[in-house]
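The values are calculated or read from the model by the stated rules, or taken from the named source; none is laboratory data. Values in this document were obtained by computation on a predicted structure and should not be read as measured data. We place every Cβ from the backbone using ideal geometry, glycine too, and count neighbours over all the protein chains shown. Note: areas computed on protein heavy atoms with side chains; ligands, DNA, RNA excluded. Shrake-Rupley method; radii C 1.70, N 1.55, O 1.52, S 1.80 Å.
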Amino acid sequence: MRTVLRLKRLMPEVMWTVWGNRSCSNSSIRRLESNTSILKHLISKITATGPISVAEYMREALTNPVSGYYVKNDMLGAGGDFITSPEISQIFGELLGVWCVSEWMAAGKSSVFQLVELGPGRGSLASDILRVFSQLKAVLGETDISVHLVEVSPKLSQLQAKCLTGDQTWTCNDDQPVYRSGTTCTGLPIYWYHRIEDVPRGFSVFLAHEFFDALPIHKFQRTEKGWREVMVDIDPESPEKLRFVVSHSPTLASSMLIQKDENRQHVEVCPEGGVIVQKLANRIADDGGAALIVDYGHDGTKTDTFRGFKGHQLHNVLEAPGMADLTADVDFSYLRKITGNQVTCLGPITQRSFLKNMGIDSRLQVLLRSCHDPSTRAQLINSYDMLINPEKMGHRFQFFSVLSRGRLAQRKGMQKDTAPLPVAGFAELNVQ
Ligand code: SAH
């Protein structure tokens, strides 16, 4: 049993109101950190070609191939910048494992079953899911199961390989879509890719836990002259610092990405998230399967959610790019809109509701019954509370699912009026 961790990524509702004017630490360490190679690179770029979009800034800071935050760091855990639900308790991954199997069964037990995870972090979620698959061998039978991880970070892919295969992997040539492959500790083939489009087609259950919030967003401000994009520029008062500015004229993004009926004053749009969810939807419509997207987010109501985390503290987003996590709430209404009517979307519903519906209370009782060590029992209870307490992660995190259109239709050819099987997590399960 993995022991639980004690920290989490807290998301205070506090957002800055004056852009580019957040307090800067005076410590020499901070000044040193601010001078990252990414900052220098961005300053040269802005000097040469003018202000850049927030999306470009975020992409460079997070996934620059040489010094991007995700590319070179293990940011998860107590010593990192934030901690996520799969790292907090094994129960989380176990219940998601049950969800995957349940959707595979409801979709007709396809003979091929790809588990695809986007942004797997340290591999803890996949590891807990694979343990469930092993325990449910009798149900999964001879199904041809494989594991596919979409991961941009070489550093994290190594940690995933260690966690999931005991480091028994092979790296592949650069010209191959698969950059690493191996066999999991549970005996399944496993592959790593940089992009979702490289994952083979076929019945798949896709999981994305705290992945969409890391994708670059554009920011827009309503002005008297219409919508304008918020850009990142050099601070004229301090040429080694960056600040936000509002573009004088419309940009391609401000012309294309704002909905006609938008009534907010400030909007964040994540077109990359839109492209990825569209790819998931196309695949689910054509090949069958389901997707579960778990993140903090809103249903098209929030405005300014872009924020940074470093060492479990809020961090000025424009300071030390590449050294801190940057994130923005996921707009689930945008994802739903993009998927169109080729698939069915469920949620978002709160993490608390989803995990309760999946039977987290019974699972906790089972674990407690077989555990007599007082400190482990306390950890189990604390981590359960962290996952479902509305004041902690229970209401901040949302579950959103993309399903094939037929999934919720009445089942034809069976007894008249046979109702569709409920979708686990989104409806209460009868746990015996
Ligand atoms: N799912 C994990 C990790 C969340 S952190 C958990 O919840 O613990 C975000 C993850 O997405 C990291 O693994 C990061 O390297 C990966 N990632 C971020 N941007 C990505 C991109 N554009 N393509 C693929 N992976 C990305």
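What order do Asp74, Asp331 take when sorted by accessible area (1.4 Å probe), most exposed first?
Values: Asp74 50, Asp331 25 Å².
Result, largest first: Asp74, Asp331.
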Exercise. Provide, as a two-decimal number, the C-alpha radius of gyration of segment 304-423 over 2.2 N^0.38 Å, N being how many residues it has.
Key: 1.48
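Take the Cα pairs of segment 48-137, get the Kirkwood Rh, then feed it into Stokes-Einstein at 10 °C and 1.306 mPa s and tell me D in µm²/s. It would help to have the intermediate numbers written out before the result.
On the way: Rh = 15.8 Å.
Estimated diffusion coefficient is 101 µm²/s.
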Practice problem: Quickly estimate the mean residue ellipticity at 222 nm for the chain, helices only: each DSSP H run with n ≥ 4 gives -39500 (n - 2.57), and the total goes over all residues, rounded to 500. | Solution: -9500 deg cm²/dmol
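On a 1.4 Å probe surface of the protein chains, which of Ser353, Ser401 comes out largest in accessible area, and what is the full order? Kindly include the intermediate steps, with their values, before the conclusion.
Working: Ser353 50, Ser401 0 Å².
Sorted descending by solvent-accessible area, the residues read Ser353, Ser401.
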Quiz item: Relative contact order (percent) for the chain, with alpha-carbon contacts under 8 angstrom and 6 or more residues of separation?
Solution: 18
Self-check item: Degrees separating the helix 271-287 axis from the principal Cα axis of the chain, which is the longest one
Solution: 20
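Please figure out what share of the DSSP beta bridges in the chain is antiparallel and state it in percent, rounded to the nearest 5. Could the numbers behind the result be given before it?
Numbers: 43 of 69 bridges.
Of those bridges, close to 60 percent are antiparallel.
Provide the per residue accessible area, probe 1.4 Å, for the chain, rounded to a whole number of square angstrom. Write down the numbers at each step before the final one.
On the way: 19370 Å² over 432 residues.
I get 45 Å² per residue for this part.
Under unit Cβ charges (Lys, Arg +1; Asp, Glu -1), what dipole magnitude, rounded to 20 debye, does segment 161-204 have relative to its Cα centre? Each step should come with its number before you reach the end.
Numbers: 4 positive and 5 negative charges, 34 e Å.
With only Lys, Arg, Asp and Glu charged at Cβ, the dipole is about 160 debye.
Using a Förster radius of 30 Å, what is the FRET efficiency between Thr223 and Lys155 based on their Cβ-Cβ separation? Nearest 0.05, please. Let's see the in-between values first.
Numbers: r = 41 Å, r/R0 = 1.37.
Computed FRET efficiency for Thr223 and Lys155 comes out at 0.15.
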Self-check item: Centre separation in Å (Cα based) which lies between segment 59-138 and segment 190-221
Solution: 12
Exercise. Please compute P(r) over all alpha-carbon pairs of segment 93-196, binned at 5 Å starting from zero, and give each bin as a whole-number percent.
Key: 3, 13, 25, 25, 17, 11, 5, 1
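Report, in listed order, any pair from Lys72/Lys219; Lys40/Lys72; Lys45/Lys302; Lys225/Lys310 with a Cα-Cα distance greater than 29 Å.
On the way: Lys72/Lys219 26 Å; Lys40/Lys72 17 Å; Lys45/Lys302 31 Å; Lys225/Lys310 37 Å.
The answer is Lys45/Lys302; Lys225/Lys310.
Could you pull out the trypsin sites (Lys or Arg not before Pro) across segment 153-206 that fall in loop regions by DSSP (anything but H, G, I, E, B) with no more than 12 other Cβ atoms inside 10 Å? Can you show the working numbers first?
Details: sites: Lys155, Lys162, Arg180, Arg195, Arg201; in loops: Arg195, Arg201.
Hits after loop and neighbour filter: Arg195, Arg201.
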Quiz item: Taking only the alpha carbons of the chain, what extent do you get along each of the three principal axes, in Å, biggest first?
Solution: 69, 50, 47
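Give the ranking of Thr350, Thr63, Thr49, Thr84 by solvent-accessible surface, highest area first, calculated with a 1.4 Å probe. It would help to have the intermediate numbers written out before the result.
Details: Thr350 30, Thr63 50, Thr49 105, Thr84 10 Å².
From most exposed to least exposed: Thr49, Thr63, Thr350, Thr84.
Take the solvent-accessible surface of the protein heavy atoms, probe 1.4 Å, and return the percent of it on the chain that carbon and sulfur atoms account for.
52
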Quiz prompt | Between 0 and 90°, nearest 10: helix 90-106 axis offset from the chain longest Cα axis | solution = 60
Quiz item: Helix 37-49 versus the longest principal axis of the chain: what angle, 0 to 90°, nearest 10, using Cα atoms?
Solution: 60
Quiz prompt | Cut-off 20 Å, label 7 Å out along Cα→Cβ of Glu237, residues of segment 307-324 by amide N | solution = 315-321
Practice problem: Round to the nearest 10 and report in Å² the accessible area of Thr251, as given by a 1.4 Å probe over the protein chains' heavy atoms. | Solution: 30
